[in-house]
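What follows is a short report on a single structure.
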Amino acid sequence: MKKELHIAFDDTDSLKGSCTTHLATLIVHEIFDQVDFIDFPNLIRLNPNIPHKTRGNGAVAFRIEGDNSDLEVVREVVIKTVKKMARLEDENTNPGIAFVSNTIPKEVKHLSKRAMWAVISIPEAEEFNSLANVELIKLGNGRGIIGALGAIGNPLENDFTYEHLAYRMPKNFGTKRMIDRESILTADKATPLTFSNVDYKYNSIMITPRGADPVFSGIRGETIDEVMKAWSLVKPLEEISMLMVYRTNQHTNQHFVKEFPINQLKPHLSVIVHGTINKKPYYIEGSHLIFSIRDDTDEIDCAAYEPTKSFRGELSNLAIGDNVTVFGGVRPTGEKHPMTINIERLRVNSLVKQFIYENPFCDKCGARLKSAGKNKGFKCQKCSAVYREKKQLEKELPRKISLKEYLPPIIAHRHLTKPLERMNRDNKNKRFRKSDITKIMRMLVNFRK
Ligand SMILES: [Zn+2]
């Protein structure tokens, strides 16, 4: 009798290197022949605005099935590998592992939804250990169990994307990534269902990360075929150690689900807030753009920081009275600033009209009139005609911002940011059959053999 087992882990990385998906891909290679994968490995990004997060706040989940004894072997491999590979000596690395046998309890699914936007405590997550089919393993202070539960309870039943990841040889970790730049442009143009490969506006290649981590490249897209095709066109100029494709909630906006009145905002939440501009945009030191919005309950500062580049210039055209919906993370009060929404995207709902007022023209000679003094009408300096009844001409100014959604450029996107080209895309219900998953994963696992 085959049983299902869901496995997830988080917080195995640290700022120094390592990487949760690298560890996960190593484990996939080790267990692939032992059990059947019933989904591609899942890479789940959780609330990006929480403190103590790992880079990108991403956790990995496997969904497998097999005989009891095989599942037990896999369980041991996961625990052993996480213990061996995680940077436990780093006090900021506090891994957690979660196992769920058979059906994912609805309480865990509920927690996962909250983990996308809320702040969840370790004790709160630990209580799930009491559910019969849930097992949690804490290493260090165990903060990783929060992300592990968040990932395990999110089987990506709604919109999702894929990321094709290629990993470097350990000897190359920390060195510059060697890749044929032209081939990336070719791959990008040949695969319309991949996205964010290149930020053309800022002339920046996005598929290769810059840090010391083991990832060589990550290609994101709507379908497996398309990310694999893009990878086949990319020419790495260094040896690649492993490949894997993850099904993920990246670039789906999954963290923006909950709307808040301003007086209910708390630090580190990912929030949707509707409000009207009540302090017009201005720049502060560091070239960050600040404005404030109000609703019926309160007002709050909103910020578009320097790295969001052209986003600031677009939002600087907002005016008092404009109605907007702000999507962002709540930054706690600091020494120099009040509690602030760090804007990740913004929708303009309505714009006030802006006018300028100009003096009218002379009916006799066509010259622009001068004011004759307050409430005294106008006089013509050219022909001396006087007009008591004329009023200033009202001229509507074109607004430099429109009723639409604004996003930072690709270089400033976060993992969960749904890019403009995905705006009307939704991959819900586009799942693979188990036999196809096995076939594709086998190809990836054996790519060097
Ligand atoms: Zn005149």
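The values are calculated or read from the model by the stated rules, or taken from the named source; none is laboratory data. These numbers come from a predicted model, not from an experiment. FYI the Cβ positions are ideal-geometry reconstructions off the backbone, even for glycines, and counts take in every protein chain you see. Heavy atoms of the whole protein, side chains included, go into the accessibility calculation; ligands, DNA and RNA do not. Shrake-Rupley method; radii C 1.70, N 1.55, O 1.52, S 1.80 Å.
Condition first: open to solvent by 50 Å² or more (accessible area, probe 1.4 Å) and farther than 30 Å from residue 203 by Cβ. Now tell me which residues in region 279-330 satisfy that.
Answer for region 279-330, where residues must be open to solvent by 50 Å² or more (accessible area, probe 1.4 Å) and farther than 30 Å from residue 203 by Cβ: 279, 280, 294, 296, 297, 298, 299, 320.
Kindly evaluate residue 334 against the criterion of being within 16 Å of the ligand (Cβ to nearest atom) and either assigned to a strand (DSSP E or B) or out of contact with any strand residue (DSSP E or B) (no Cβ under 8 Å at 6 or more places or on another chain) (or both). Break it down stepwise before answering.
Working: within 16 Å of the ligand (Cβ to nearest atom): no; either assigned to a strand (DSSP E or B) or out of contact with any strand residue (DSSP E or B) (no Cβ under 8 Å at 6 or more places or on another chain) (or both): yes.
Considered against the rule, which asks whether it is within 16 Å of the ligand (Cβ to nearest atom) and either assigned to a strand (DSSP E or B) or out of contact with any strand residue (DSSP E or B) (no Cβ under 8 Å at 6 or more places or on another chain) (or both), residue 334 comes out as no.
Please list, ordered by first then second residue, the pairs with beta carbon atoms under 9 Å, 6 or more apart or interchain, first in region 355-383 and of a type in the set (Phe, Trp, Tyr), second outside any loop (DSSP other than H, G, I, E, B) and within 13 Å of the ligand (Cβ to nearest atom).
361/368; 378/370; 378/386; 378/387
List the pairs whose first member sits in region 110-125 and is within 15 Å of residue 136 (Cα to Cα), whose second member is open to solvent by 30 Å² or more (accessible area, probe 1.4 Å) and in a loop (DSSP other than H, G, I, E, B), and whose Cβ atoms are under 9 Å apart, counting only residues at least 6 apart or on separate chains?
Close Cβ pairs satisfying both conditions: 122/141; 122/143; 125/143.
Quick grid of which residues meet (1) of a type in the set (Asp, Glu); (2) farther than 30 Å from residue 391 by Cα; (3) touching a Ser or Thr at 6+ places or on another chain (Cβ under 8 Å):
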residue: 285; (1), (2), (3): yes, yes, no
residue: 290; (1), (2), (3): no, yes, yes
residue: 306; (1), (2), (3): yes, yes, yes
residue: 311; (1), (2), (3): no, yes, no
residue: 324; (1), (2), (3): no, yes, yes
residue: 329; (1), (2), (3): no, yes, yes
residue: 334; (1), (2), (3): no, yes, no
residue: 342; (1), (2), (3): no, yes, no
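If you go through region 389-404, how many residues are more than 15 Å from the ligand (Cβ to nearest atom) and assigned to a loop (DSSP other than H, G, I, E, B)?
Matching residues across region 389-404 total 10.
I'm told residue 101 meets every condition in (1) hydroxyl-bearing (Ser, Thr, Tyr); (2) within 23 Å of the chain's Cα centre (by Cα); (3) open to solvent by 10 Å² or more (accessible area, probe 1.4 Å) except one. Can you identify the failing condition by its number?
Evaluating residue 101 over (1) hydroxyl-bearing (Ser, Thr, Tyr); (2) within 23 Å of the chain's Cα centre (by Cα); (3) open to solvent by 10 Å² or more (accessible area, probe 1.4 Å) leaves (2) as the failure.
Restricting attention to strands (runs of 3 or more DSSP E) lying wholly within region 224-330, give those where 1 or more residues are more than 30 Å from residue 60 (Cβ to Cβ) and under 22 Å from the mean Cα position of the chain (by Cα).
Qualifying strands (runs of 3 or more DSSP E): 270-284, 288-294, 299-304.
Against the condition open to solvent by 70 Å² or more (accessible area, probe 1.4 Å) and more than 16 Å from the ligand (Cβ to nearest atom), how does residue 376 come out, does it pass?
In short, yes.
Read through the list (1) open to solvent by less than 30 Å² (accessible area, probe 1.4 Å); (2) out of contact with any Phe, Trp or Tyr (no Cβ under 7 Å at 6 or more places or on another chain), then give the number of the only condition that residue 347 fails.
The single condition residue 347 does not satisfy is (1).
Considering every residue within region 55-70, establish whether at least one is aliphatic (A, V, I, L, M), open to solvent by 20 Å² or more (accessible area, probe 1.4 Å) and either assigned by TED's automatic domain parsing to the domain that holds residue 38 or in a loop (DSSP other than H, G, I, E, B) (or both).
Checked region 55-70: no residue is aliphatic (A, V, I, L, M), open to solvent by 20 Å² or more (accessible area, probe 1.4 Å) and either assigned by TED's automatic domain parsing to the domain that holds residue 38 or in a loop (DSSP other than H, G, I, E, B) (or both).
Please find, within region 161-185, the residue that is nearest to residue 246 (Cα to Cα) out of those that are in a loop (DSSP other than H, G, I, E, B) and not charged (D, E, K, R). So that I can check it myself, show each step before the final result.
Filtering region 161-185 down to residues in a loop (DSSP other than H, G, I, E, B) leaves 169, 173-178, 180.
Retained after the next criterion (residues that are not charged (D, E, K, R)): 169, 173-175, 178.
Values: 169: 20, 173: 22, 174: 23, 175: 25, 178: 23 Å.
This residue is 169.
Could you look through region 355-369, keep only residues that are surrounded by 13 or more Cβ atoms within 10 Å (Cβ to Cβ) and within 58 Å of the chain's Cα centre (by Cα), and pick out the one that is nearest to the ligand (Cβ to nearest atom)?
367
Per-residue answers, yes or no, for (1) within 16 Å of the ligand (Cβ to nearest atom); (2) open to solvent by less than 50 Å² (accessible area, probe 1.4 Å); (3) not in a loop (DSSP other than H, G, I, E, B):
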{"position": "382", "(1), (2), (3)": "yes, no, no"}
{"position": "411", "(1), (2), (3)": "no, no, yes"}
{"position": "432", "(1), (2), (3)": "no, no, no"}
{"position": "440", "(1), (2), (3)": "no, yes, yes"}
{"position": "444", "(1), (2), (3)": "no, yes, yes"}
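In region 129-149, how many are open to solvent by 50 Å² or more (accessible area, probe 1.4 Å) and among the aliphatic types (A, V, I, L, M)?
Qualifying residue count for the region: 1.
Which residues, counting only those in region 101-115, are within 24 Å of residue 68 (Cα to Cα) and among the hydrophobic types (A, V, I, L, M, F, W, C)?
104, 108
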